[in-house]
Amino acid sequence: MATHDYQIDFPILNPLNNDKPIIYLDTACQSLRPRQVIEAMNRYYTEFPACSGRSNHQLAATVTRLVDEARQQMARFLGASRMEEIIFTRNTTEAINLVANAYDFQPGDTILIGNKEHNSNLIPWQMLVKRRGVQLKILHTLTDGSFDLPGFEQALADGVKLVSFGYTSNLDGVTLPVEQIIKLAHKRGALVMLDAAQAAPQRKINVRALDVDFLTLSGHKILGPSGTGVLYGKYKLLDAMNPFMVGGDTVATSTYETCEFLPVPEKFEAGLQDYAGIIGLGEAARYLQAVGFDAIQKHELLLNKIMTEGTKDLQGLHLIGPADPALRSGIFTFYLDGIDSHRIALMLDQMANICVRSGQHCVHSWFNANGIKGSVRASTYFYNTEEEAELFVENLKKIRKVL
């Protein structure tokens with residue numbers, strides 16, 4: 001993979017623009033955006049800054065067309081049967097909350113999630129326990145962080161309404177055997193929702209082939225704008241659900257006493273939308289598909305191997321997740337005995353312009369359950385180079401030596 005060729009598309013990485021190059025190893029938090037996405041957004045603000053679907057002038061018509069094209073692009077990106085199955089949200093968090101609040105869960109229904117879910121796939125269900133009397137069940141992983149399939153089958157035997165798992169973990173990069181999970185869940189009559197925020201950036205997803213019921217993703221993880229996301233849902237499920245947020249653009253007509261809601265997807269997209277962001281999200285999906293997911297996975301593995309091999313003898317280093325880098329996608333999460341994770345991140349930044357994430361990565365529940373204060377997460381992408389991975393290892397060794 002000609003990584004340097006891609007770096008030219010990213011203003012902060014382009015060596016022609018920067019005297020002090022940034023080594024960005026925080027893509028699991030938020031990916032960088034190529035100029036193509038930025039330019040697509042800027043065109044909205046400079047050439048057709050109007051509302052979609054409301055006015056009848058030429059500017060509005062352009063926005064309406066481009067938003068529809070972005071919806072069609074995201075439907076193709078996920079392999080959806082129809083564009084109406086794509087609901088635009090602000091992020092994965094909003095998409096999960098939409099399902100939690102709009103689906104007709106009943107008291108006693110059981111929601112099954114994993115033990116290392118992002119707060120976005122934990123807190124909404126905790127709130128549902130309090131408000132609707134549902135039951136929340138936690139499935140624990142095996143000791144190396146991999147999925148416990150026999151344990152999952154046993155959990156399903158006790159009756160589950162919805163299974164909601166992170167497709168790929170933002171903590172350790174482990175990807176679940178989602179095909180088996182969905183088949184087993186459906187056999188037991190359970191619905192399945194996948195949080196694909198970390199999976200969508202680095203693997204091809206086909207929701208029809210998977211037969212998944214709901215799937216969520218965030219634009220800011222897949223080269224897209226902040227504040228954009230997608231909820232995919234099977235049309236029949238979305239059609240049967242009540243709106244979560246209501247108001248402008250969700251109704252066909254209203255009286256002082258009643259209203260008539262628009263069909264899917266409009267009934268779930270209340271108010272004026274982030275049109276520039278939606279257009280940029282469509283452009284991000286096009287860019288990512290052009291790079292190719294096979295190439296992305298191959299490159300992430302190469303970089304993760306460099307980090308894993310280079311630090312395997314580092315005194316006091318504890319890797320979170322499986323030892324095999326092939327099982328951790330582009331994520332390398334660790335902690336060092338006796339050294340605060342935030343201090344390590346600050347030193348990497350100050351010493352070598354290396355940007356990593358430190359702390360508990362919105363998975364506080366897992367860290368608290370395991371008695372671990374925090375960790376450092378280096379996450380790579382196709383725009384990172386082998387040299388950058390080697391510099392990460394080199395500077396981490398310097399920190400270990402000094403501290």
When the range 345-387 is checked residue by residue, the ones that are more than 24 Å from the chain's Cα centre (by Cα) and in contact (Cβ under 8 Å) with a residue 60 or more places away in the chain are Ala352, Asn353, Glu386
List pairs: first residue in the range 186-208 and within 18 Å of Ser81 (Cα to Cα), second residue of a type in the set (Phe, Trp, Tyr) and surrounded by fewer than 20 Cβ atoms within 10 Å (Cβ to Cβ) anywhere in the structure, Cβ distance under 7 angstrom, at least six positions apart or on different chains. Lys204/Phe293
Return the residues of the range 13-25 that are surrounded by 14 or more Cβ atoms within 10 Å (Cβ to Cβ), out of contact with any Lys or Arg (no Cβ under 9 Å at 6 or more places or on another chain) and over 15 Å from Met351 (Cα atoms); say none if nothing qualifies. Leu13
Tally time: how many residues in the range 23-80 are closer than 17 Å to Lys221 by Cβ and in contact with a strand residue (DSSP E or B) (Cβ under 7 Å, 6 or more places away or on another chain)? 9
What is the residue count in the range 262-289 for residues that are within 14 Å of Pro201 (Cβ to Cβ) and out of contact with any Ser or Thr (no Cβ under 9 Å at 6 or more places or on another chain)? 4
Cβ-Cβ under 6 Å, sequence separation 6+ or interchain: first residue in the range 86-106 and of a type in the set (Ser, Thr, Tyr), partner surrounded by fewer than 24 Cβ atoms within 10 Å (Cβ to Cβ). Which pairs? Thr92/Ser120; Thr93/Ser120; Tyr103/Met241
Considering only residues of the range 291-347 that are in a loop (DSSP other than H, G, I, E, B) and of a type in the set (A, V, I, L, M), which is surrounded by the fewest Cβ atoms within 10 Å (Cβ to Cβ)? Ala323
Would you mind stating whether Gly224 is assigned to a loop (DSSP other than H, G, I, E, B), in the same structural domain as Ile87 (by TED's automatic domain parsing), without any contact (Cβ under 8 Å) to a residue 40 or more places away in the chain and within 30 Å of Thr46 (Cβ to Cβ)? no
Among the residues of the range 193-204, count how many are crowded, with 22+ Cβ neighbours inside 10 Å and part of a loop (DSSP other than H, G, I, E, B). 7
Inspect all residues belonging to the range 179-195 and state whether any of them is closer than 22 Å to Gly374 by Cα and assigned by TED's automatic domain parsing to the domain that holds Leu98. no
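The values are calculated or read from the model by the stated rules, or taken from the named source; none is laboratory data. If you're wondering where the values come from, they're calculated on a predicted model, not measured in any experiment. Reconstructed Cβ throughout: ideal geometry from the backbone, glycine too, with neighbour counts over all protein chains shown.
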